[in-house]
Amino acid sequence: MPTKTSKSEMLETLKAMLRDVFRLRMDGVAYARLARAHGYVDGYMRVLLETGIADKGELLEIVAEERNNVDGPATSVLSATAAA
């Protein structure tokens, strides 16, 4: 008999998958391995969207948060001396 997985458990699984993808990218793994991991994440996110478990905004927020945790902020403030 299948067990039900809660929304929070599914979102935690997504976060773990995203961390793995970002770690693989940072480690410089072969493109095929990275592409496969991206495909798993894309498919998982599609299921979350199509079943109504999560909406686009929630998923974008999760991806941005995990990317920020691995890579730091997407943008930063530069001083005039740093730009020169």
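Bear in mind these aren't lab numbers, they're just calculated from the coordinates by the rules spelled out. As the structure is a prediction and not an experimental result, all values here were calculated from the model. Every residue, glycine among them, receives a Cβ derived from its backbone with ideal geometry; neighbour counts consider all protein chains shown.
Tell me, which helices (runs of 4 or more DSSP H) lie completely within the chain with 3 or more residues that are touching a helix residue (DSSP H, G or I) at 6+ places or on another chain (Cβ under 6 Å)?
In the chain, the matching helices (runs of 4 or more DSSP H) lie at 7-27, 31-50, 56-71.
Is there a residue being surrounded by 14 or more Cβ atoms within 10 Å (Cβ to Cβ) and of a type in the set (Ser, Thr, Tyr) anywhere in the stretch 51-70?
No, every residue in the stretch 51-70 fails to be surrounded by 14 or more Cβ atoms within 10 Å (Cβ to Cβ) and of a type in the set (Ser, Thr, Tyr).
Looking at the stretch 39-54 only, could you name the residues that are within 13 Å of Leu14 (Cβ to Cβ) and not hydroxyl-bearing (Ser, Thr, Tyr)?
Within the stretch 39-54, Val41, Asp42, Gly43, Met45, Arg46, Val47, Leu48, Leu49, Ile53, Ala54 meet the criteria.
Take the residues of the stretch 10-44 that are free of Cβ contacts under 8 Å to residues at least 12 places away in the same chain and among the hydrophobic types (A, V, I, L, M, F, W, C): which is nearest to Asn69 (Cα to Cα)?
Here the answer is Ala16.
Do you know which of the residues in the stretch 46-77 that are more than 11 Å from the chain's Cα centre (by Cα) and charged (D, E, K, R) is farthest from Lys7 (Cα to Cα)?
By that ranking, first place goes to Asp71.
List pairs: first in the stretch 45-72 and farther than 14 Å from Arg19 by Cβ and free of Cβ contacts under 8 Å to residues at least 24 places away in the same chain, second aromatic (Phe, Trp, Tyr) and part of a helix (DSSP H, G or I), Cβ under 9 Å, 6+ apart or cross-chain?
Close Cβ pairs (under 9 Å, with a partner that is aromatic (Phe, Trp, Tyr) and part of a helix (DSSP H, G or I)) do not exist here.
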